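The structure appears right after this line, and notes come after that.
The values are calculated or read from the model by the stated rules, or taken from the named source; none is laboratory data. The structure presented is a predicted model; accordingly, all values stated were derived computationally and were not measured. Reconstructed Cβ throughout: ideal geometry from the backbone, glycine too, with neighbour counts over all protein chains shown. Just the protein is used for accessible areas: all its heavy atoms, side chains included, with ligands, DNA and RNA removed. Shrake-Rupley method; radii C 1.70, N 1.55, O 1.52, S 1.80 Å.
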Amino acid sequence: MTSYTTSSAKAEMSELRRLKSLLPPELQSWVTVEGTTEVNPPLVRCEEIGKDQVEIQIDLVKWDALAMDQRNLLFWHEVAHVQNDTIPKDGWEMAALAIGLGGAVGELWVHDGLLLVLALALCGVSGWRLYQKNNGDKQLKELVDADEKAIALATRFGYSLPNAYKSLGSALKTLIDTTPGKRQRSRYEARLSALKRSANKAKAKSKPSDEGGL
């Protein structure tokens, strides 16, 4: 049992080192890759852990079930979020909304008009940010943009364009088949549909140049 645990830990460390080597050089000094210890975490996600410091967190148990090409493209999808500056931020909006509402109630009680306006303004700003954060169309666009950049990163690391599309498409199909939650599964399905459209466009663009070379 001890031997198996040691072997498993070595395999996990080896995979984390491998993934770190897939970071673009310009990110290696401030982006880290770690296995998560949470209960029932997402497969992979990125999170700001300090000023100018980002951590990509992997559920290594689920991760191990994927083929290596699938892992690579899903990892580059998270790297793309870092590059696009679309990392989910801390939930300060909920705290600000609570403070604003509490302040508004308090100022109504003491009849201070200026502070009431300021409290309501804080509610408005935080409420708008919450709406933007939870806007489905905006979230999907960020995911699709990250997929596009993941494809570009894959070609930068030696993948052909068709193989990059094929690997990410295969990864998304696997996630669709293994994800029980309807909402998350529908996001994967939307990403796969967008990826297919993008692949068809890329294929159509390559045809004239291919024909010209014959």
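The single condition from (1) more than 25 Å from LYS20 (Cβ to Cβ); (2) at pLDDT 95 or above; (3) more than 16 Å from the chain's Cα centre (by Cα) that LEU192 fails is (3). Selection of first residues in segment 199-212 that are hydroxyl-bearing (Ser, Thr, Tyr) and open to solvent by less than 90 Å² (accessible area, probe 1.4 Å) and of second residues that are modelled with pLDDT of 90 or more and in a helix (DSSP H, G or I), restricted to Cβ pairs under 8 Å at least 6 apart or on distinct chains, gives the following pairs, ordered by first then second residue: SER206/LEU161.
Screening segment 36-73 for residues that are of a type in the set (Lys, Arg) and over 14 Å from the mean Cα position of the chain (by Cα) and picking the one that is farthest from TYR165 (Cα to Cα) gives LYS51. The residues of segment 171-184 that are in contact with an Asp or Glu (Cβ under 9 Å, 6 or more places away or on another chain) and under 23 Å from VAL82 (Cα atoms), listed by number, are ALA171, LEU172. The residues in segment 25-63 that are open to solvent by 40 Å² or more (accessible area, probe 1.4 Å), within 20 Å of PRO180 (Cβ to Cβ) and in contact (Cβ under 8 Å) with a residue 40 or more places away in the chain can be counted, and the count is 1.
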